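The structure appears right after this line, and notes come after that.
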Amino acid sequence: MAGSHVRSVLVGGHESARGADLERLRGALPGAVVCAPGRSLQDAVRAGLAVGPEPVIVLPMTWGRDPVMVADTARTLRWLAAGSGRGRIALADQFGTIDHLVALLRAAATRTAARQPGAGLVLAAPGADPFDDAELHRVAHLVRTFGTGLEIGVACVGTDADLARAVQRVRLLGAQDVVVVPAGFAATAPCADALDGAAFFGPLLSDTALLRIVRERLAAAEHDLQHGHDGIEEGLEADHGHGYAHSHAGLAGTGHPHTHPHPHRAARLAPAVPAPGAAAPARG
């Protein structure tokens with residue numbers, strides 16, 4: 001298990017308010033650093049390398065809705081590894097996947113339907129780019145289709161008004177009560193003053209469950225690094241196919257020939273996130 005033998009860095013993008021929603025985990029991860037991508041990550045890794053000979057393991061904290069953050073992290077690490085960090089830096093598998101997010105949100109819908117018949121859900125997350133926001137709407141459609149028939153809205157939150165509008169929209173569609181569920185790492189309600197009478201479901205996973213998965217990712221990356229695999233090259237492909245410019249099915253004459261491999265590391269993540277109902281989330 002990763003611990004005193006590695007220095008860990010949790011890097012967070014829009015799903016964790018650029019790491020702010022992860023700070024609560026640091027007390028249980030001795031020596032861990034929480035940061036945002038870019039210069040903050042670069043400084044954190046350099047500081048870790050300067051402290052001692054232990055490797056630095058970087059874990060992208062995403063549920064799969066921020067592939068650009070993963071790829072940007074990999075590019076930063078590739079640059080650092082080309083210098084003094086060669087053989088001492090590893091990129092862990094990302095924390096979770098879209099499938100995990102859908103499963104946990106479906107579990108939240110099931111529990112809400114059992115406790116508050118006639119309620120509706122609002123899936124809330126900080127606003128991001130149009131493609132990541134669109135992915136959240138796709139997730140909501142999957143939860144609605146394969147859930148319990150609850151009305152489900154989406155709030156890509158930039159201001160209090162964004163959340164208030166989403167709550168009101170679900171009410172207008174017939175929900176007797178509205179429950180706001182975070183589609184990220186938040187443990188408290190976003191824009192609490194804008195809930196407008198809606199209830200907050202609580203975090204998707206308890207801190208205990210989050211920490212277990214984090215430790216598993218770090219330990220796996222440490223093991224791989226000991227066998228000469230740092231995970232950086234796979235991370236560089238994380239945002240492949242993300243956005244208009246990289247469409248696989250674009251208009252004639254657009255896109256590019258696919259002569260490079262498509263690694264699929266996410267398959268090894270599945271066992272680490274509890275199935276719906278396996279671990280009820282803590283309530284904030």
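Some points to look at:
- Condition met for Phe201 (among the aromatic types (Phe, Trp, Tyr), at pLDDT 95 or above and more than 17 Å from the chain's Cα centre (by Cα)): yes
- Residue count for the range 72-111, restricted to those that are acidic (Asp, Glu) and surrounded by 17 or more Cβ atoms within 10 Å (Cβ to Cβ): 2.
- Residue that is farther than 30 Å from Val6 by Cβ and either under 14 Å from the mean Cα position of the chain (by Cα) or assigned by TED's automatic domain parsing to the domain that holds Val11 (or both), where the choices are Leu77, Leu91, Leu121, Leu105: Leu105
- From the list Asp93, Asp21, the lone residue that is within 23 Å of Val154 (Cβ to Cβ), touching a residue at least 40 places away in the same chain (Cβ under 8 Å) and of a type in the set (Asp, Glu) is Asp21.
- Residues being part of a loop (DSSP other than H, G, I, E, B) and closer than 18 Å to Trp63 by Cβ - total across the range 19-38: 3
- Flag not set for Asp43, criterion: acidic (Asp, Glu) and touching a residue at least 12 places away in the same chain (Cβ under 8 Å).
- Candidate set from the range 54-71 (those that are assigned to a loop (DSSP other than H, G, I, E, B) and in contact with a Leu (Cβ under 8 Å, 6 or more places away or on another chain)); member that is surrounded by the most Cβ atoms within 10 Å (Cβ to Cβ): Trp63
- Just one of the listed residues (Ala124, Ala74, Ala103) is within 30 Å of Glu234 (Cα to Cα) and assigned to a strand (DSSP E or B), and it is Ala124.
The values are calculated or read from the model by the stated rules, or taken from the named source; none is laboratory data. All values reported here derive from a predicted model rather than from experimental measurement. Cβ coordinates were reconstructed from backbone atoms using ideal geometry, including for glycine residues, and neighbour counts include every protein chain displayed.
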